Structure formats: C-alpha cells, structure tokens
1. With just the Cα atoms defining each centre, how far is segment 73-145 from segment 1-28? Give it in Å.
2. Take I172 and T144, extend 7 Å from each Cα along the Cα→Cβ direction, and tell me the distance between the two endpoints in nm.
3. With bins 5 Å wide starting at 0, give me the P(r) of segment 1-149 over every alpha carbon pair, in whole percents.
4. Mind putting a number on the dipole of segment 68-187 about its Cα centre? Charges go on the C-beta only, +1 for Lys and Arg and -1 for Asp and Glu, and I need it in Debye to the nearest 20.
5. Could you name the lysines in cross-link range of K198, using Cα to Cα under 18 Å and dropping any fewer than eight places away on the same chain?
6. Run the dipole for the chain about the Cα centre, Lys and Arg Cβ at +1, Asp and Glu Cβ at -1, nothing else charged, and hand back the magnitude in debye, nearest 20.
7. Ignoring everything except DSSP H segments at least 4 long, calculate the 222 nm mean residue ellipticity for the chain; use -39,500 (n - 2.57) per segment, divide by total residues, nearest 500.
8. If I take R0 = 35 Å and measure r between the Cβ atoms of N229 and Q92 in this structure, what FRET efficiency does the formula 1/(1 + (r/R0)^6) give, to the nearest 0.05?
Amino acid sequence: MIEASAPAKIILFGEHAVVYSQPAIAVPLSSLRAKARAAANHPPGQGLRLVAPDLGIALEFGKQPALDNPLAEVAQTILSAIGAPPPDVTIQLNSDIPLASGLGSGAAISTVLARVLSAAVSQPFTQERLNEVVYQTEVIHHGTPSGIDNTVIVYEQPVYFVRDLPIETIHIAQPFHLVVADTGIHSPTRIPVGDVRKLYEAEPGKISPILSEIGHLVRQARQAIEGGNIPVLGPLMNRNHALLQQLTVSSPELDRLVAAAINAGALGAKLSGAGRGGNMITLVTSDTVKAVEEALKQTGAARVFATLVGSQDVHH
Ligand code: PMV
C-alpha cells in the first residue's frame, strides 16, 4: 500500500498579477487535504484503475481514451513524465477540498496522484521534479498558470512566489486568524484569467499600473508577515480587493461577503484565487472571529471556516 496526501492552499495576496510576474503570497491549508492510496490489483493484470468517489469517477486506464476524462489526462501526463507504462494498481483518490473554488483542489489531486504513481513504479519524484510535473497538469486546465498553486501545495510551505524565479519560503513571525468563506459559486480559473489577459492586451497602459500596485502591496505584506506586524495586513487586503475589482474578477457575491466581514469587525478582506466565485478571506482576531463567521453565514456564504495561519502542523 502506498499513500500520499497534499493540502489545499490560500492565496493571501497577489493573485492575477502573479501571472504577469508580480510577486504573490500563498500558504498551505493543512487541515483540508487530498489523499491517494495505491494497492496492487487482485487478481493481477487489470491495469491501472483510478477510483475517485468524490469526483464520481471510476476509470479503467487503458480502456477509456485519456482525453475523455480530465483525471485520465492528468494521469497520462504524469506517466509520460515518469516514462513508465501504467502500473497494475488501483488508486483511490479522496479530497476534502471543494472543487473550482480557489483552494487548489486540482493541483492537490495531481500532487497526490503523481506521488503514488511514481512510487508505484519505484521511481518516486523529487519535490523539484514533482513541482514541474504538477505544473504540467495545471496547464491542461488553466492554459497559462503562474505556478503558484503547485508550488505552495507540493512544498506545503508559505511561499513568496515570483514566476520563473527560485522558490522563496517565508516565515510567519506571528500566527494570524483568517476566516475563509465560500460564495458557493464554482468558477473555473481559466475564465477570469483569460478575461484579465484580454483587458491587459486591450489597455496595457491602464492595467499595468494596477498590476504593479498589487506587486508593491505584496512586498509590504511580506514585510508585515515576516515582522509579525499583523494589523498592517488588513488595509493591504482591502486595497488588494479594490484592485482585483478593477481587474473585473470580483463579483457581487464576493463583494457582499467582503463588506459583511468588514462591518462585523474584520481588519481586512479580499477575494482569494481566481475570483468571480470561489472563496474570500478575511483577517480577524480571536475577539472578532465568531462575529465575522456569523456575519458571513448570515450573508449567504455556502461554507465558512476559521484557520490560524502559521501554526498548522505540516504532514505529508
Ligand atoms: O487556482 P486559483 O483559483 O486559486 O487561481 C490561481 C491564481 C491566479 O493568479 C488567478 C492564476 C495563476 O495561475 O496564478
């Protein structure tokens, strides 16, 4: 039996601008995980089977054409990277991470699948190679991912990420409370990412300064996180959200949740991930966490949870 798991992730600052080589900050969310378990087939000779009950998938690899199914395509990409034929195993995939909501479910599932597949053919990936391969699987769904999702999920560390530069992990000097609230609206990443691309190409003179300002506030946020100056992050989140609105990736539902959090006493709030739906995050203290969670539920959030960033146990 071979087992692997990988966390969800939250982008704290810098989504979208990160596609244009600005920095972004993301942290793993170790309490929400994708898991994979591979076991030899009995009787042998059945080939690779992928069973993902949460995704409603039961797949006999080799029987279905790989392009039929996104998970099969991911498995095919991983096997090509290993350079091995499909092993004679059944892989069971499970995930607590909501799909298409900006929490990195796709990258986490690819990560665990790549970990168990490479181990099943006795050629386990190094972390560095795994990160490259998971990036390739992200390309299938997103087109032009920056690489932030695979990096934070594979390494399971807070990262300060700049496209094409060596990975920098960051130290969270002082843990801080976030509440994460889901609009309940599925939003596939590539649509808002493509719309920002169109805006950028139509009006680079208007969009470039927005992207640069996001980069500037990400650098300030890094200093605050590493210096333990948490209250500074609130206004930086609010400004980041306003700039994401200008990039047209917020939505009425996200804006309502952001306003509700601020009204309930949060220090700051913003959408997190690709936007248009998915999740928002809000910075709270131990005194305001309950009131903010309640306000978000009252405002119609589909799912609300609190997390203490910087104190999570890391387990692989
Ligand atoms: O996968 P999501 O929804 O968290 O969005 C990824 C973040 C973007 O910056 C919008 C896209 C990217 O490739 O970095």
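1. Each part reduced to its Cα centre gives a spacing of 16 Å.
2. 3.1 nm
3. Spelled out per bin, shortest first, that is 2, 10, 19, 24, 21, 13, 7, 4, 1, 1, 0.
4. 120 debye
5. Straight-line reach from K198, under 18 Å: K206.
6. 200 debye
7. -13000 deg cm²/dmol
8. 0.20
Each reported figure results from applying straightforward, stated rules to the coordinates on display, with no laboratory input. Quick caveat: nothing in here was measured; it's all calculated off a predicted structure. Note that each Cβ is placed from the backbone with ideal geometry, even for glycine, and that neighbours are counted across all protein chains shown.
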